[in-house]
1. Restricting attention to the stretch 67-78, does a residue exist that is outside any strand (DSSP E or B), hydroxyl-bearing (S, T, Y), touching a residue at least 40 places away in the same chain (Cβ under 8 Å) and surrounded by 13 or more Cβ atoms within 10 Å (Cβ to Cβ)?
2. Given the criteria within 14 Å of ligand 2 (Cβ to nearest atom) and surrounded by 12 or more Cβ atoms within 10 Å (Cβ to Cβ), does Y137 qualify?
3. Here is a check on your reading of the model: is R98 loosely packed, with under 15 Cβ neighbours inside 10 Å and of a type outside the set (G, A, S)?
4. Is the stretch 33-48 home to any residue that is closer than 30 Å to E210 by Cα and near ligand 1 (Cβ under 7 Å from one of its atoms)?
5. I'd like the full set of residues that are aromatic (F, W, Y) and within 17 Å of P8 (Cα to Cα), limited to the stretch 85-139.
6. In the stretch 17-51, which residues are within 16 Å of ligand 2 (Cβ to nearest atom), part of a helix (DSSP H, G or I) and small (G, A, S)?
7. Go through I107, I115, I111 for me and flag whichever is in contact (Cβ under 8 Å) with a residue 40 or more places away in the chain and out of contact with any helix residue (DSSP H, G or I) (no Cβ under 8 Å at 6 or more places or on another chain).
8. Cβ-Cβ below 7 Å, separation at least six or inter-chain, first residue in the stretch 29-48 and within 13 Å of G131 (Cβ to Cβ) and touching a residue at least 12 places away in the same chain (Cβ under 8 Å), second within 8 Å of ligand 1 (Cβ to nearest atom) and hydrophobic (A, V, I, L, M, F, W, C): which pairs?
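The values are calculated or read from the model by the stated rules, or taken from the named source; none is laboratory data. Since the structure is predicted, the reported quantities are computational estimates derived from the model, not experimental observations. Note: ideal-geometry Cβ built from the backbone for every residue, glycine included; neighbour counts use all protein chains shown.
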Amino acid sequence: MNLIIIGPPGSGKGTQGKLIAERCRILQISTGDILREAVRNGSALGLKAKASMDRGDLVPDEVVIGIIEEWLMQGNYGKGFLLDGFPRTVAQAHALERMLDRRGWAIDHVISIEIEREELIRRLMGRRTCGRCGAMYHALFNPPKKDGICDQCGGSLYQREDDKEETIRSRFDVYSQQTGPVIQYYASKGLVRAINGVGPIDDIFNRILEVMEGREAYAKRGSHPS
Ligand code: AP5
Ligand code: MG
């Protein structure tokens, strides 16, 4: 199964993407995580991306399209892949379609997480990430057992550079202007599954599974599940 998870900053793409990838045994590809790692390593990719990321702007299309092309060529996806944070512009969506067409592949579902801004700001301001294994926490909603330390690997937790209030606001603007049209693009192909992103993490995960499984059953049986 090949999936896209799309939604505004802080909507839970990373959190839900990890759960879906584990459940469906597919590979999660997060362009944000790949870019942040490149910035940490000081690689050529990181140098190209850092200024845009710090401002809350998008990294140029050709850079992220190149990242996805490289991942698709590596080939270790198990039963498919989940794209988290890509595509974010219509030009990226077109490029993805060309890459998949060349391989005879297609996207099965675009999971679109819907949620209000105030909740997103609360989530982003409290987010903490493990510098070693990438596990994600929230200072209030999902705290680690020991302050500042990852439950899973004992690594130190850090706050993302772009999770400052001013940068968060420009990320929201960029999302509405440039990523909103991507949702329209996939809606016109009948691929968008809108998910209410408010509530406990497990509830949202169950909503996603229900919508995906409902569609699968529909596709197999040729009639809508009752
Ligand atoms: P990216 O890393 O993709 O950031 P984003 O889209 O802003 O989304 P986030 O990762 O901030 O949030 P999320 O939706 O993953 O939420 P999360 O699960 O962490 O991109 C960063 C930057 O990279 C971009 O600004 C751009 O510069 C560049 N970039 C990346 N891709 C690009 C592309 N394709 N083109 C161009 N540039 C690109 O959850 C957030 C917090 O909430 C966590 O603390 C979590 O624990 C908590 N939480 C999650 N769910 C719940 C819940 N149900 N209840 C309470 N708390 C919750
Ligand atoms: Mg994320």
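1. Checking the stretch 67-78: at least one residue is outside any strand (DSSP E or B), hydroxyl-bearing (S, T, Y), touching a residue at least 40 places away in the same chain (Cβ under 8 Å) and surrounded by 13 or more Cβ atoms within 10 Å (Cβ to Cβ).
2. yes
3. yes
4. yes
5. F86
6. G17, A21, G32, A38, A49
7. Checking each option against the conditions leaves just I115.
8. Within 7 Å, the pairs are V39/A49; V39/M53.
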